[in-house]
Each structure stands twice: as structure tokens, then as C-alpha cells.
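Reading through the C-alpha cells given below for one structure.
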């Protein structure tokens, strides 16, 4: 009966892959069943002798432990149930559970009976679990976020990590058992409570921004993430991650300030992408240009703002800088949406990220119309002043030379008369005196004429048919023209009008006609061709002759000065061109000359037509 | 050495006439030759460049003249192949300091005389010439 039962056990054990072993304490005889041999990967006829079975236990802790346990069982009759790592005959690592019962007869241990079970699979599972637990607890404890686990049945915090303590200022033990609402300032409690309640019902991962209150009453901006729930013993726990976002908030606040500054400043700001099209503009820019945001975005701001008088060179400079992704500073004449002009000082700055990749252009500008207008006015005033100055210089020269030369002649005559003893001789010098005074009064008359021209800058200009005036001048000079055999032709249309003071135009035409006649060349048939062209705001009349011409390099600087003559003509007075120049300047015009000695001259009369 | 021949170069005929009268009453020189423009004077000088006997001893030169002014005359004069020492006196109604300054840059210019020319000034000039000689 007993035998049968034992046999049954063996079979059951075998089918459960549980090995059975037996050792006689006195003889140290050991017997192993087939299951053990299979686990140890030894042949079926393997005989364990002299306790060498111990050697399958992996050297070190495992082998030392089994040795002690066996000794205690043998000597003191203490049973054991332990797990070990073994190394099989084929050098495989396995985990086994060894249970040992001590058979005691007459108070003495007689036999050790035991089981030997391969638990490698189970052990591996346990190891994995242990690893996961370690991993998760390390995440839990070292996470940068504060993690709270809340018992949803009562709202108390059941666990938290060390970061929570840092964040809240509480000791970790103080936090555990605290009601979660205590973490939030009063005014945020309701919001936080609702959020947590919502997360209890729904599953998705959600985030909310709020504040927590530290132990010391300080409010810290945080972001709460929640959504993880787990259930233990019918109690649902909610995991909350709380992240300190003070730094982000600071940056956000700074950014908000910056963007407030950008949108509220009186300087205009436009942000332009690398293609040169606008992505944003501030209110000042919209106010200045008159465009709205939709009209600006996606457009090239330069294209929107340019107009007929915008300087092409400046536009090219700006385009080049944008193409080369360079910063640039320009001042440009722009137009608003309503085509009103304004001067725009623009600073285009390039923005690169930390990797030196180009991000965009920022154009900061301001309306400098009043400044530029003042500058232009100043420039104009400077021009007027310097032209007045050079006129004044001429006058000084006239006074110092022309008048002086006559008066010195007169005093020389007086000197001669004084030094002459004979009365008849004295009287004979009076003719010279008369000649001197006549010349003086002639000079003074010319001077008067020039001063008159320079004073009458405000005489009304009128529209005059130029062709008509040319014909009149020809008529007045018909005798001289005939005598000098000069051919005068013109290409002036009969209906062409010029804007001028009639008397001045008369005088200018007369002067240029007589000049062409006076300084004609004797070596060829003389011609004078009159043509016209339009240069910007001026109508330019060209008087082109084939006369003597003059060396502009030598005399160019004094051709329009007073009393300068360049040819050995008896009737050259050196006053005509000086008066012509003054008359033209009085009408906002000017005179220029192109000439070559021996070939002829071309006098260009600029009449201002605006 | 006595100042024999003097050129007067001035476009103002009245001045030339008066100068001649003053000089003839003075012992300034024996003979005067007048030019109403500087170009003619240059031609004459060029023509006689090799003959020291008929070249002038002194030239009274005006500055403001048509065709060729006093400065242009001086520039051309310097380039002439003349070995004789000819004293040039600028004689002008210009009191412009720039002109006086400019005159000092020409070595051949011995004196800058402001018009009107008086007997006194001619006497001083005589003394200067004899000092120079």
C-alpha cells in the first residue's frame, strides 16, 4: 500500500516536472530521479557521488548558501525551501526551487528528502517585473515633474515623488495624506477640482495651466497633466504630473511685452520672409501707409510703397541687400495707399537663429518727411546763398576793378593836370577827363541794369510762343544778319510755348543772336541753328553756331562773369552773357555752354517750366 | 644801367595814354611801346627773343584784360627763350588780396602797383629798377 502510494507520487511529480531526490545522512548516498537529471542536463546513468551535486549550484553565493543549508539539515535537522541559480552540465544557467525535508528517526536526522523544480521561466518573469518596478520607481523618484498619486475615494494624496517636495516646499511625509486641494491657492481650487474630476471620467491625456501654493504661501505657475488611473482594491488612484512653468511664463511675459512694444511703438515695423514678402506689420506701419494687414501680408512692402519719384538706385540697393540677406539702412521717398508722398528712413535687419539659419528680415522705419523737407529746404537755401555769394563776389570784383579803373584814370588825369605848368596844356587834358567820366557813367549804367535784373526775381512769368519771339528778334537784327551773311535756322514748332518774363526772353534772344554774329568765323559760311529739347522740368533752347568757339578749359570759369571777353573785338563789352545768366537765374533757369575753339559753340538756355 | 625801353600792356586805351604822358614827364625810360592786348605783346617778345638790344627792359602789365589776361601773359612769358632780365611790374586797379598773393608766386614780377599811377609811384619804381640793376 505504502509502496503504491509512493509510486503514485513519483508519477505525479514526474508529470509535473518536479524532480525528487534523497540523501542518506549517514552514508551520504544520494539518488536523483530522471527529472533532476534532465534539469541538470546529465546522462540518465549519472551517479551523484560524495555530494558532488553541490557543484551544479552556480559558484559564489548560490553554492555557499546550499552548502550551509545542507549542513544545517544534516546536523540540526532543519528543513529549507529556497531558490537558486544553477549551471547545468551543458553550461546553461537555470533557476530552480529546492525543497528539503529532513526525515528524523529516534531524534536523529536519517535521510534528506526533497524536490527540485526548474523555475527558470518564472524567475525570468520575476526579474523582468523587478526591473520594471525599478525603472518606474526611478522615473517616479527622479522625474523632473512632480508626481502625485491621489486616492479618488477621499481626495487624499497617497504618494508623491521627491520633486513634489521640492516644488511644494512640504516634506514628502507632509504631502502624503494631504488633501489635493491644499496644493492649490483658494482661487484656483475650484478649477483644479473640476479638472481632476473631468479626468476621472475621461481617459485622454489632458493638460491645464494653473497655480499651486507652496507651504510658504508662494504661488507658482504650473501645468497639470492628468489622465492616468489605476485601480487597486476597488479604489481608483489618479496620477497627476505637475510641472513648474515659471521660466516659460517669464519668457512668455517677456515675449508679450516685446510684442506689445512692437505693435504699439511709433516706429513702423514689418517682418518679411526670405522671399521678401511681408508676414506681419505693426499698427504704426498700417497707420503710415494706409494699408490694412490683409493688403500687406504676402506682398513685397517696397513694391506697395514705390511711386514715380521713388529713387530707382535706392530700390536696387534694397533689392540687392534682400537678395544677399544683408542688413541695410536707406532713406527713400515712398507713397501711401492714397499716393501721398512721404520720406521713409528704413533699417532692414536680418534675423538668424542659433544655428545661423536665416529666419527673416525685420524692417524698422519711421516717417522722416519733415526732416528731409527741412534738409531739402536747407540745401535750396544754401544754393541760393552760394549763388548770391558768387554774385556778390562778382560785384566786389566790379567795384574793385571796373569802377576803380575808371576812378584811377580820373585821378591820374588830375595828377597830370597838376604837374603841368602851361595853362593851355592843362586845358587840353580836359578831353581825357571827359572820356574818363563817360566811361565811368557807362559802367554804372550797366551795373544798374544788372541790379535791376537781380531784384526783379518776382516778376510774373507768362506763356510765350517761342517761334514768334525768334522771328521778332530776326526782324530787329535783319540788317546785321544780312551784312554778316549768317544763316539762321530753327526747328521750333509754331505752337511751342515757353514760360518766361517777356522782356528777359527778348533780351536773351537778342544777346545770343548778336553773340553768334559777333563771334562768327571768317573762315566759313556762318550758321546758327536753334533747336529745343525737354530735360526734366526744363525746356532747353539750343543756340548752336559754327563760329570762333572758345577754350572752355582756359576760360570756362569766367565766360558768364562780368566784363570778360575772349575775343579781340572792338565792341566786346563782356556784359551780355553776364546779364543773360542773371536774367535766366531770375526766372529759375540757367545757361550752359559747350564749345570748341575754332569749331563753334552751343549755348543751352534752360527755361524752368514748372 | 638806364631803363631804355618799357612795354605798357593794358586794354584800357585811356590808361595807356595817361601812362605815356606821366612817363614822358618823368625820367622813367627813354622809350615806350604800348599794347592794348597781351597777345600782341607776347608775339612781339617772341619775335625779338634773340635780340637783347630791342627787347624791353621793363614791362608794366595790367591783370584784367580780354583775350589774354595778365596771368596768362605771365605763364606764356616764362616759357619764352629770353635770356635778358626783364623786370615785370603788375599795374592794376585790383585791390583783391588774392591777386596780390598770386603775384608773389611769379619770380619775374618785381612789384605790384595799384592804380592810379602817380608821379610819386613812378619815381619809386625808377629807384627800384636802378637797385635791381
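Read the figures in this text as sums done on the coordinates, not as results from a lab. Note that the coordinates shown come from a computational prediction; the quantities given were computed from them, not determined experimentally. Counting neighbours? That spans all protein chains shown, and the Cβs are built from the backbone with ideal geometry, glycine included.
Taking the range A:265-367, how much of its Cα-Cα pair set, in percent, is spaced more than 16 angstrom apart?
On the way: 2794 of 5253 pairs.
Roughly 53 percent, once rounded to a whole number.
Quick one: plug the Kirkwood hydrodynamic radius of the range A:462-608 (C-alpha pairs) into Stokes-Einstein at 20 °C, 1.002 mPa s, and report D in µm²/s.
Working: Rh = 15.4 Å.
Translational D for this selection: 139 µm²/s.
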field: R0 of 30 Å, Cβ-Cβ distance residue A:9-residue A:232: FRET efficiency to nearest 0.05
entry: 0.15
query: Which percent of Cα pairs goes in each bin when the distances of chain A are cut into 20 angstrom slices starting at zero?
result: 12, 18, 19, 12, 12, 10, 9, 6, 2, 0
query: Over chain A, what relative contact order in percent results from Cα pairs under 8 Å that are six or more residues apart?
result: 6
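Looking at the protein assembly as shown, what % of its DSSP beta bridges pair antiparallel, to the nearest 5?
Numbers: 109 of 131 bridges.
Beta bridges within the protein assembly as shown, antiparallel portion: roughly 85 percent.
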query: Using alpha-carbon positions, what is the distance between the centroids of the range A:370-391 and the range A:505-532, in Å?
result: 35
query: Mind checking the angle between helix A:404-418 and chain A's longest principal axis? C-alpha axes, 0 to 90 degrees, to the nearest 10.
result: 40
- line: Neighbour-count ranking for A:422, A:98, A:452 (other C-beta within 10 angstrom, fewest to most) reads A:422, A:452, A:98
task: For n ≥ 4 DSSP H runs only, could you compute -39500 (n - 2.57) per run for chain A, divide by its residues and tell me the 222 nm figure to the nearest 500?
output: -13500 deg cm²/dmol
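Per DSSP H run of at least 4 residues, take -39500 (n - 2.57); add these up for chain B, divide by its residues and hand me the 222 nm value, nearest 500 deg cm²/dmol.
Details: 5 runs with 53 residues, N = 133.
Theoretical 222 nm ellipticity from helices: -12000 deg cm²/dmol.
Quick one: if the Förster radius is 60 Å, what FRET efficiency do residue A:478 and residue B:95 give, using the C-beta to C-beta distance and rounding to 0.05? Walk me through the numbers before you get to the answer.
Values: r = 45 Å, r/R0 = 0.76.
The calculated FRET efficiency here is 0.85.
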- prompt: Measuring from centroid to centroid over Cα atoms, what is the spacing of the range A:102-170 and the range A:213-274 in Å?
  reply: 36
query: So how tilted is helix A:246-264 from the main axis of chain A? Cα-based, degrees 0 to 90, rounded to 10.
result: 20
- request: Take peptide B:66-74, look around each residue's Cβ out to 10 angstrom, count Cβ atoms belonging to other protein chains, and average those counts.
  value: 3
- request: Provide A:96, B:100 in ascending order of the number of other Cβ atoms located within 10 Å of each residue's Cβ, fewest first.
  value: B:100, A:96
task: Rounded, prolate or oblate: pick one for the range B:5-132, where a ≥ b ≥ c are the square roots of the eigenvalues of its C-alpha gyration tensor, a/c under 1.5 means rounded, and failing that, prolate if a/b is larger than b/c, else oblate.
output: rounded
query: Efficiency by 1/(1 + (r/R0)^6): what FRET value for residue B:72 and residue B:104, r their Cβ-Cβ distance, R0 = 25 Å, to the nearest 0.05?
result: 0.90
- request: Using Cα centres only, tell me the gap between the range B:98-120 and the range A:64-101 in whole Å.
  value: 136
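Using Cα-Cα distances under 8 Å and only pairs 6 or more residues apart, what relative contact order does the range B:1-117 have, in percent? Kindly include the intermediate steps, with their values, before the conclusion.
Numbers: 182 pairs, mean separation 29.2, N = 117.
Answer for the range B:1-117 is 25 percent.
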- request: Please work out how much length the chain gains when fully extended from residue A:251 to residue A:182, using 0.36 nm per residue of separation minus the C-alpha to C-alpha distance, in nm with one decimal.
  value: 22.0 nm
statement: Simple SL model, points at 7 angstrom along Cα→Cβ for residue A:389 and residue A:134; separation in nm is 9.2
statement: Simple spin-label estimate for residue A:380/residue A:320, 7 Å along Cα→Cβ, in nm, reads 3.1
statement: Stokes-Einstein, Kirkwood over Cα pairs, the range A:165-222, 10 °C, 1.306 mPa s; D in µm²/s equals 130
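Give the average, rounded to an integer, of partner chain Cβ atoms located within 10 angstrom of each Cβ in B:108-121. It would help to have the intermediate numbers written out before the result.
Details: counts 0, 0, 0, 0, 0, 0, 2, 8, 11, 5, 8, 5, 1, 1.
For this peptide, the per-residue mean of nearby foreign Cβ atoms is 3.
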- prompt: Pick from B:11, B:62, B:40: which residue has the top mean-square fluctuation in a GNM of chain B where Cα pairs under 10 Å get a spring?
  reply: B:40
task: Return B:87, A:28 ranked ascending by Cβ neighbour count within 10 Å, so the fewest neighbours appear first.
output: A:28, B:87
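Using a/c under 1.5 as the rounded threshold, could you call the range A:256-302 rounded, prolate or oblate? The axes a ≥ b ≥ c are square roots of the C-alpha gyration tensor eigenvalues, and prolate needs a/b larger than b/c, oblate otherwise. Provide the component values of the computation, followed by the final result.
On the way: a/c = 2.25, a/b = 1.39, b/c = 1.61.
Verdict is oblate for the range A:256-302.
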- line: Taking Cα atoms, the helix A:466-476 axis meets the longest principal axis of chain A at an angle in degrees (rounded to 10) of 20
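Would you mind calculating the gained length between residue A:554 and residue A:496 on full extension (0.36 nm times residue separation, minus the Cα-Cα distance), in nm to one decimal? Can you show the working numbers first?
Numbers: separation 58, 0.36 × 58 = 20.88 nm, distance 3.65 nm.
Gain on extension, residue A:554 to residue A:496, equals 17.2 nm.
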query: In nanometres, what is the gap between the two model label sites at residue A:438 and residue A:83, each 7 Å from Cα along Cα-to-Cβ?
result: 14.5
